[in-house]
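Worksheet: the structure to be examined is printed underneath.
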Amino acid sequence: MSYKHNLLLVIIILFIISCGDGSSDNNKSSNKNKIIKLDKASLQKGLGLQHALQLIAKKISPSVVEISGKVKNNMPKGNHPFFDGFRRYHEKFFNQRDNTNHPESIKNIGSGFIVDQNGFVVTNYQVIKGAEQIIIKLHDGKKYSAQVWGTDEISDIALLKINVNIKLPFLTINQTYNIKVGDFAIAIGSPFGLSGSMTVGIISAVGRDDLVFDRNAAFKHFIQTDASINRGSSGGPLLNIKGEVVGVTTITQGVDSHGSLGISFAIPVSIAGYVVEELKKHRVIERGFIGIIINNLSSSISKHLNIKTNGGVIVQNVQTGGPAHKGNMKNGDIITAVNKKKVKNTASLIQSVSNIKPGKTANFDIIRNGKKIKLKIIIGKRPKLVENWIEKSLKNNGGEENLSTWMGMSFGSIERYKNKFHLKVQKGVVIVKIDHNSPVLKSSIPLNVGDVIESIDYNQINDLQTFYQFVQQNQHKKSFIVTVVRNGRRFFTVIQK
């Protein structure tokens, strides 16, 4: 190969390499520009979300109100350093002292939102419970005296009414809205009296009907969210990214006495909307009731009875003379459906029966002794204090006798015996009788009449129903560790059969 030919080949190779380098540089430059464009696109999406939140705040805030009132000390003052520090800051810079210990003062007790242009306001029942001289402060600062139009303690919903001569901005409650985990969750309220505060999070869970700190959770099917709902925000709206109401925010007893710890709850519109409409029309809520004590159908019972079904509940006790008794329901019956709607668990049965108007006839699908039968039951009216009914039912049906044989003790409700034994606790069951040969008299710390049992084997005992359920589920056990409250002091003891 000639010298000229070799030189030409080298020049060609160098040219290709140089072109390749230029192409690489161009590609790098192109990729860099593409990344910048992508960043701008992401930024635009972020700004779009920010703009949506700004529009929601502008559109919704005029319908959200601050509620103040003269109340007895139903909002306990905490001793958490953050909240105490915040309280001192609030007093110093806003000249608003915390008058928790002065029951005659008017103070912020919660939030609410307008649901009718004529002045109907929704909030939590716990916000206005025991309140006098309720004051509604609108977004523009105007204040109005409010009338309690209707309340429903079970769902924790209250409906207030203010008299105005103008048409007010209001929010619509759409009962059919489908809430999903992962949806945006936006809360607006007045935490610590700071009106118009907005927090943002997501829907963390739906259908929470088994919260141990709320005995009425089965009626609420709580929405769980990480959007902060602090003291004073309770009763305000929970919204989606479109600004639609999806729930009524609530401070649930037992989560934290000051407010949110990253887990907050709201009553979904499917529950709140129905209650609000009923309160508007009738000012009270009447729920269905059939007079039974129930428990979830366990896999062991299903296996023992050779029942192949998902869900269902087992009837543990039928009230003599009650609606279920009159409809021929019996202890041991397994309820699988009500009016063709499947019964998944105790919460779903309670919800289904409660939504049926008293006096109406409902169809129950039952499994009895392995056979499927149908019962027609005329629905009764739910008593105000179900715990008292449970105690009376157990006594009338031999239930108290059965309970008294558990470790040789008889039990009563806190509500019934709180004055007799000077009880200060709100949850648990009280020992009303101890047999002379009861093993609890030989426990590491002997139990006394008037003691309150708060938990057994670390299972919280809220009332007679949860206690009865625990006893039924743990009949095979021989030893228990019990949390007891005596004269305001709490201790643990082990009792053995």
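Please treat every number below as a calculation from the coordinates, not as lab data. Keep in mind it's a predicted model, so treat the numbers as computed, not measured. Heads up, the Cβs are rebuilt from the backbone with ideal geometry, glycines too, and the neighbour counts pull from every protein chain shown.
Results, tabulated for the structure shown:
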item: Region 455-476-region 39-54 distance, computed between alpha-carbon centres (Å); result: 52
item: Net charge contributed by nearby residues that have their C-beta within less than 14 Å of VAL343 (K/R +1, D/E -1); result: +3
item: Separation in nanometres of the label points that stand 7 Å from Cα toward Cβ, at ALA205 and ASN310; result: 2.0
item: Residue-count net charge about MET329 - beta-carbon cut-off 11 Å; Lys, Arg +1, Asp, Glu -1; result: +3
item: Residues listed by number, region 111-130, amide nitrogen under 18 Å from ALA52 label point at 7 Å toward C-beta; result: none
item: Length released on extending from GLN117 to ASN487, taking residue separation times 0.36 nm less the Cα-Cα span; result: 128.0 nm
item: Ascending count of other beta-carbon atoms within 10 Å, so fewest first, for ILE356, ILE335; result: ILE356, ILE335
item: Listed residue pairs exceeding 25 Å between alpha carbons, taken from LYS303/LYS427; LYS129/LYS424; LYS129/LYS360; LYS107/LYS427; LYS281/LYS326; LYS433/LYS497; result: LYS303/LYS427; LYS129/LYS360; LYS107/LYS427; LYS281/LYS326
item: Alpha-carbon centroid distance for the pair region 225-243 / region 113-151, whole angstrom; result: 17
item: Histogram of C-alpha separations across region 398-497, 5 Å bin width, %; result: 3, 14, 26, 30, 21, 6, 1
item: Cut-off 13 Å between beta-carbons: net charge of the residues surrounding HIS422, Lys and Arg +1, Asp and Glu -1; result: +3
